[in-house]
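All of the numbers you see were taken from the coordinates with simple rules; none came from a lab. Owing to the predicted nature of the structure, the values given are computational and were not obtained by experimental measurement. In this analysis, Cβ positions are derived from the backbone assuming ideal geometry, glycine residues included, and neighbour counts consider all displayed protein chains.
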Amino acid sequence: MSRLPTHRPLLASEIAMIEHRVGECCSDMSKRQQARLLSRRFGLGKHAVRQILRVKYQSVAKWMIGCRGVSGRKLVDGYYFNTWNEGSAYWLGYLLTDGCMSDTGEISIGTADREIPVKLKACIMSTHRITRSATNFGTIAYRMSITSPSLSSRLSSLGMEPRKSHTVRVPRVPLFCLRHFLRGVVDGNGSIICNKSKGSSTQISTGSLEFARGLVRAISRLGFVPRVYSDAPKDYFLRYSVRVHSTAFAEALYKDSDKLCRLERKFRRAVPRHSLSVVGGPHPAGSTNVLGN
């Protein structure tokens, strides 16, 4: 791939999204509390914290938008996946299907939908850069790479690993977060097929038989009946498809979902009559339940 010479700046709506996410965490904090947040969650030393909280950066929210890091260092909330909530469940599902991890623990995503890295950046309060590159097919891809030992360690314990395409498994997800996890899986490597006569169906593709079996168990917990299909061998492996022929299933996944935890074009397919309204829900950071396996 050839990298484009320019990078489109954040739109006003994207800046407002990041302001809301970070401001919600820090709006009621004193400078001492903000310093403690930066020190613990981002692993910064005292000098870096003082540098951030100078007059130039009067609040963490403003700093997160305008700063690329301290002394060239990129920052990220390494404890984001330590609690079960809508955001952590959704992004776990997305990363397990459409993310990758290198042998050194670097986490990266690449997608044609710019909103995905922008929303992930806002949720995990990251200062990592989103790059824009041209593919061999003439399309544009948006990429973001994240280096965080605490984040990669936590994701590894939840099933994310290098070269996971054929070995990934569905982790144990609490029932109250299950639909958010499945929505992330669908946004990562799934599709919603609309048919006027038969209704809509949801399909998820994977190269891992264990992942397909785990999805069947997870979807069954929500009261739906999925089916597993296997394609003809290609490139020496089978690709499995998990399909749910039910309009209610797609609507159950996307209805009343947080805007930071969904792909808008699939949301409009799943909940067409709500596509023009602003749908909100509990914020991804609004829960304090501790993750467990």
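Apart from one condition, residue 145 fits all of (1) out of contact with any Asp or Glu (no Cβ under 8 Å at 6 or more places or on another chain); (2) surrounded by 16 or more Cβ atoms within 10 Å (Cβ to Cβ); (3) assigned to a strand (DSSP E or B); the exception is (1). Here the stretch 76-91 is the region considered, the condition is being of a type in the set (Ser, Thr, Tyr) and touching a Gly at 6+ places or on another chain (Cβ under 8 Å), and the residue that is surrounded by the most Cβ atoms within 10 Å (Cβ to Cβ) is 90. Within the stretch 153-199, the residues that satisfy the criterion of being crowded, with 21+ Cβ neighbours inside 10 Å and not aliphatic (A, V, I, L, M) are 177, 179, 180, 181, 183, 184, 187, 188, 190. With respect to residue 162, is the statement that it is in contact with a strand residue (DSSP E or B) (Cβ under 7 Å, 6 or more places away or on another chain) and part of a helix (DSSP H, G or I) true? Here the answer is no, as residue 162 does not meet what is asked. Does residue 205 fit the bill of being within 25 Å of residue 251 (Cβ to Cβ), of a type in the set (S, T, N, Q) and touching an Asp or Glu at 6+ places or on another chain (Cβ under 9 Å)? Yes; evaluated as a whole, the condition is true for this residue.
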